Each structure stands twice: as C-alpha cells, then as structure tokens.
C-alpha cells in the first residue's frame with residue numbers, strides 16, 4: 001500500500017485542475033439540488049477506480065461532461081449499498097455504543113473523576129474499534145457495488161469475508177490514515193476563508209478512489225476472486241469511454 005500516493009496520484013493527470021473544478025462544481029450544486037450532484041461525482045470516482053485498474057495505475061480518467069448521466073447512474077449502486085449496509089451496521093453498533101456510554105457514565109459516577117475519565121476513554125476506544133470493524137464489512141460491499149454496478153452482486157457475503165480476511169490490515173491502517181489526513185486537510189481548508197474546504201473535500205474523494213483501487217489490486221495479488229465488471233453500453237450523451245489507455 002502506498003498511502004501518500006493516495007493524494008499524490010491526482011497530479012499525474014495533466015487535466016487535474018479541470019477535474020478538481022468539476023468536482024467542486026458538483027459540491028456547489030449540491031447546496032441547491034441535494035444528492036444528485038454527489039451521485040454524479042461518486043460515479044466519476046468509480047470510473048476512476050476502473051480506469052486505474054484497466055490502465056494498471058498509469059493514469060485515471062478525466063471528468064467528461066458528456067457522460068454526466070452515466071456517472072449519475074453508476075453512482076446510484078454504491079450509494080444504495082452503503083445506505084443499506086450502513087443501516088445494518090447501525091442496528092448493531094448504535095445499541096452497543098449507547099449501552100457502553102451509559103455503563104461508562106455509571107462507572108464514573110461511582111468511582112470519581114479519575115475513574116470517570118478512564119471509563120470514557122475506554123468507551124471512545126471501543127467506539128473506534130467498532131468503527132474499524134464496520135469498515136471491514138462496508139469496504140468490500142461498496143467496492144463490489146462500484147465496480148460491478150449491480151446491487152445484488154454487492155451483497156456476496158462470502159466474497160466480502162474473503163476480501164476482509166486478506167486485506168484487513170490495509171483497510172484498518174488506510175482508514176485511520178485517511179481519517180487523520182482528512183481532518184488535517186479540512187482544518188487547513190477552513191483557514192483559507194473556507195473556500196479551501198471545497199478543494200480539501202474533492203482531494204479527499206480522489207484519495208478514497210485511489211485507496212479503493214489499491215485495496216482491489218492488493219486483493220487480486222493475493223489470489224482474491226475478481227469482481228465481474230459490467231460491460232457498459234455506449235455513453236448516453238455521446239462522450240467516449242474513459243478507460244482506454246492514454247495516447
């Protein structure tokens with residue numbers, strides 16, 4: 001895993017600034033039209049993952065305004081899968097988190113300030129551990145949805161368990177790395193008159209796309225079962241598929 005490469009790979013593409021601008025426009029429009037612009041950029045993210053795979057990491061696709069409808073349709077599947085999987089995780093995690101917090105507060109009341117601090121710290125660590133455990137469940141499902149473009153294909157739990165078993169260390173470390181760096185980038189973005197928040201958000205989304213690609217390639221290198229890619233019809237608005245090798 002090349003963790004710093006998640007942020008550095010963006011600049012390999014000579015059109016990176018244009019891609020950033022289109023991503024920023026999606027976020028701006030999302031303030032007026034909810035969900036749809038995010039789905040467009042999410043679809044573009046997954047096309048990036050696919051092109052990185054097809055081009056063996058040499059380059060990623062440009063944002064093509066002629067393919068906005070294709071991006072929108074592609075973004076629907078990982079969005080729906082993450083929503084359903086998130087609800088499943090929430091059914092388990094929320095009661096555990098609330099119960100743990102109540103227990104920590106009761107222990108703190110009985111044992112004074114020092115014990116209260118220890119109990120709350122233990123609860124925070126437990127929440128972090130639960131969140132990382134949830135990521136082992138979520139990442140394979142969303143990855144399979146984004147590449148197969150099929151809702152039913154995503155919930156192949158046998159494949160997801162195999163993926164988590166082979167890649168759990170990389171998922172945990174990568175998730176912690178992205179969380180820490182995202183906080184840092186967002187803080188810097190706030191300092192730049194808040195405008196930098198848009199740049200930070202888009203850069204973070206690019207980094208997540210590269211992370212998914214690295215996870216998938218690592219999984220394949222370790223003998224994992226490939227995801228069946230969907231053979232797409234011609235672009236709906238006349239654009240050209242972006243996964244062909246660069247000229």
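Things worth noting here:
- Within region 89-99, the set of residues being within 30 Å of residue 152 (Cβ to Cβ) and free of Cβ contacts under 8 Å to residues at least 12 places away in the same chain comprises 90, 91, 92, 94, 95.
- Residue check for residue 227: assigned to a loop (DSSP other than H, G, I, E, B), surrounded by 13 or more Cβ atoms within 10 Å (Cβ to Cβ) and at pLDDT 85 or above: yes
- Test set (1) surrounded by 19 or more Cβ atoms within 10 Å (Cβ to Cβ); (2) free of Cβ contacts under 8 Å to residues at least 40 places away in the same chain - residue 190 fails condition number: (1)
- Identity of the residue in region 194-224, at pLDDT below 85 and assigned to a loop (DSSP other than H, G, I, E, B), that ends up nearest to residue 19 (Cα to Cα): 195
- Residue-level analysis places residue 72 among those that are more than 15 Å from residue 203 (Cα to Cα) and modelled with pLDDT of 90 or more.
- Qualifying residue in region 159-171 (condition: more than 30 Å from residue 58 (Cβ to Cβ), within 18 Å of the chain's Cα centre (by Cα) and either in contact (Cβ under 8 Å) with a residue 60 or more places away in the chain or assigned to a helix (DSSP H, G or I) (or both)): no
- Residues in region 37-60 that are farther than 23 Å from residue 139 by Cβ and surrounded by 15 or more Cβ atoms within 10 Å (Cβ to Cβ): 37, 59.
- In region 82-96, the residues that are exposed (fewer than 10 other Cβ atoms within 10 Å of the Cβ) and over 24 Å from residue 43 (Cα atoms): 91
- Checking residue 29 against (1) over 23 Å from residue 150 (Cα atoms); (2) touching a residue at least 24 places away in the same chain (Cβ under 8 Å), the condition it does not meet: (2)
- Some residue of region 100-120 being in contact with a helix residue (DSSP H, G or I) (Cβ under 9 Å, 6 or more places away or on another chain), buried (at least 16 other Cβ atoms within 10 Å of the Cβ), more than 22 Å from residue 44 (Cα to Cα) and touching a residue at least 24 places away in the same chain (Cβ under 8 Å): yes
- For the condition within 19 Å of residue 10 (Cβ to Cβ), touching a helix residue (DSSP H, G or I) at 6+ places or on another chain (Cβ under 9 Å) and modelled with pLDDT of 95 or more, residue 185 does not qualify.
The values are calculated or read from the model by the stated rules, or taken from the named source; none is laboratory data. What you are looking at is a predicted structure, and each value in this text was computed from that prediction instead of being measured. Using ideal geometry, Cβ is built from the backbone for each residue, glycine included, and neighbour counts are taken over all protein chains shown.
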